[in-house]
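Data block below; observations after.
The values are calculated or read from the model by the stated rules, or taken from the named source; none is laboratory data. All of these numbers come straight from a predicted model, not from anything done at the bench. Using ideal geometry, Cβ is built from the backbone for each residue, glycine included, and neighbour counts are taken over all protein chains shown.
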C-alpha cells in the first residue's frame, strides 16, 4: 500500500477492506505520516493498543518519497534533486516568499513539449511521475528539508496535463485537510496550452485551483517556433478553451511570459499580447529569460523590461515583474534538468 498515493477516504477504504478497521485508525495514520512526517506511526497510542493489527499494517505500508541526493542554495532559495526508485532524478525548487515558502514540483522526468527556452524540454521525455513521486516532493520538502511549505506550483519538470490523472490525484492528496492541508487556492497548475487538460479540469469540482498558461508570444509564428505545441493548438484555440473555463467569481488566469531580447520584447509584441489577453481576466507574470544550453538568446535589460510592462499596464493588464532568482544554481524558470 503506497500511502503517498492515497487520500484519507481512500486509505479508510483500504484499511476497512484489508483489516476491517476504519476512520479512527486511518485518521491516526494520516496524521502521523502526512501531518507529522513520522514513519514510526506504530508508536502512536492508536496503534500501540492493537499490536497484532499494527504488526500486519507495518508490512503493508510503503512510504517511499524518493531520496534527496543533492541540494543547492542561492540565498534562501533551495533546489533539491530527488533520486527515484529506478535511478531517474527530478528537480524541485523551494522559493522563499514574504511569509511562507512555495514549492515548485515536477510532474515528469523530462518533457515532450520541446520548448526552445527550456532545459527540461531539451532532455526529451523519459517517463511520467507516479502519484507518490509527486506528493513525495512535498513530503521531502517539509520533513526531510524541514521547510514550511504553503504554496504549490506545478511549474517544475514536465507538462502537468500530459500526466493528468496522477497530477490531479496528487493535488487532492496535497489538499487533504487532515494531511498536507494545502488549500486549492494555494495550488497552481501550469500548462503550455494543452486544451484537452484545460477542458478536463473545467469539468472537475476543484474550486479555487489556479490555472497558469505559459504563453510567451501572442502571434502564432513566434509562439510555434518557441513552443512546438502551438503548431497543433494555435492561440485562437487556446483562447476559446480559456473563455469556456469556469473561473470562480473573482478568479483569474495566470499568464507566464518569458521575455527574450530581440524575439518577443518589442512594443508591437506588448500591444499584441494585451489585445490577445482582453477580455480574459489575467494576471501576467513577466519573467526575464534565463540562460539555457543551446538557446542563444538573452534577457532584455531592466529598462526594456519596465517599458514592456508599462505598455501592458497602460492597456489595462495587471503585470507582475518577476526578477531572476536561482540562476546561479540553475533553478530559474526554464533551467530545471541541468543537474540531472
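Structural remarks
- Considering residues of the range 220-235 that are touching a helix residue (DSSP H, G or I) at 6+ places or on another chain (Cβ under 6 Å) and in a loop (DSSP other than H, G, I, E, B) only, the residue nearest to residue 312 (Cα to Cα): 234
- Of the listed requirements (1) in a helix (DSSP H, G or I); (2) in contact (Cβ under 8 Å) with a residue 24 or more places away in the chain, residue 306 misses just one: (2).
Quick grid of which residues meet (1) modelled with pLDDT of 95 or more; (2) surrounded by fewer than 21 Cβ atoms within 10 Å (Cβ to Cβ); (3) not in a loop (DSSP other than H, G, I, E, B):
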{"residue": "58", "(1), (2), (3)": "no, yes, yes"}
{"residue": "87", "(1), (2), (3)": "yes, yes, no"}
{"residue": "90", "(1), (2), (3)": "yes, no, yes"}
{"residue": "94", "(1), (2), (3)": "yes, no, yes"}
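Residue by residue, here is whether (1) in a helix (DSSP H, G or I); (2) in contact with a helix residue (DSSP H, G or I) (Cβ under 7 Å, 6 or more places away or on another chain) holds:
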residue	(1), (2)
71	no, no
103	no, yes
113	no, yes
116	no, yes
120	yes, no
126	no, no
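- Candidate set: the range 264-302, residues that are part of a helix (DSSP H, G or I) and in contact with a strand residue (DSSP E or B) (Cβ under 8 Å, 6 or more places away or on another chain); chosen: the one surrounded by the fewest Cβ atoms within 10 Å (Cβ to Cβ): 277
- Positions within the range 67-97 being without any contact (Cβ under 8 Å) to a residue 24 or more places away in the chain, under 19 Å from residue 155 (Cβ atoms) and over 16 Å from the mean Cα position of the chain (by Cα), in sequence order: 76
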